[in-house]
Amino acid sequence: MGPQHSGFVDLLQTIQDLSSRGVGLRTLNGPDLDTSTTQGELMLGLLSVISQFERSLLRERIKSGIAHARSKGTKTGKSIGRPAN
């Protein structure tokens, strides 16, 4: 499991710790989220998983782009040896 997993696990552990102390989280703006309810816990879990998925996709795209640039002989997207304008 990667570093994104540990962030997700830390978030859930923090929420569970707060919940065990009788503390719930509620958003003031954005999606209606109240962790003191079952629906709020579900929404938090879904949003966390979607966020983790998006980070993983971004990481894959960046790695793919870097590999493609290197296969074309570049490091920054500009061909090596091409004069700068």
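So that you can scan it fast, the table gives a plain yes or no per residue for (1) under 12 Å from the mean Cα position of the chain (by Cα); (2) surrounded by fewer than 14 Cβ atoms within 10 Å (Cβ to Cβ); (3) farther than 18 Å from G7 by Cα:
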| site | (1), (2), (3) |
| --- | --- |
| D32 | no, yes, yes |
| T38 | no, yes, yes |
| Q52 | yes, no, no |
| L58 | yes, yes, no |
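Identify all residues within the range 25-52 that are under 16 Å from D10 (Cα atoms) and small (G, A, S); write none if there are none.
Within the range 25-52, G45, S48, S51 meet the criteria.
Out of S48, S56, S19, S64, report the one residue that is part of a helix (DSSP H, G or I) and free of Cβ contacts under 8 Å to residues at least 12 places away in the same chain. Let's see the steps before the verdict.
Working: S48 fails: free of Cβ contacts under 8 Å to residues at least 12 places away in the same chain; S56 fails: free of Cβ contacts under 8 Å to residues at least 12 places away in the same chain; S19 fails: free of Cβ contacts under 8 Å to residues at least 12 places away in the same chain.
Among S48, S56, S19, S64, only S64 is part of a helix (DSSP H, G or I) and free of Cβ contacts under 8 Å to residues at least 12 places away in the same chain.
Each value in this text was obtained by applying a stated rule to the coordinates, not by laboratory testing. All figures in this text were calculated on a predicted structure; none of them were measured in a lab. Don't worry about glycine lacking a Cβ; one is built from the backbone with ideal geometry, like all the others, and counts go over all protein chains shown.
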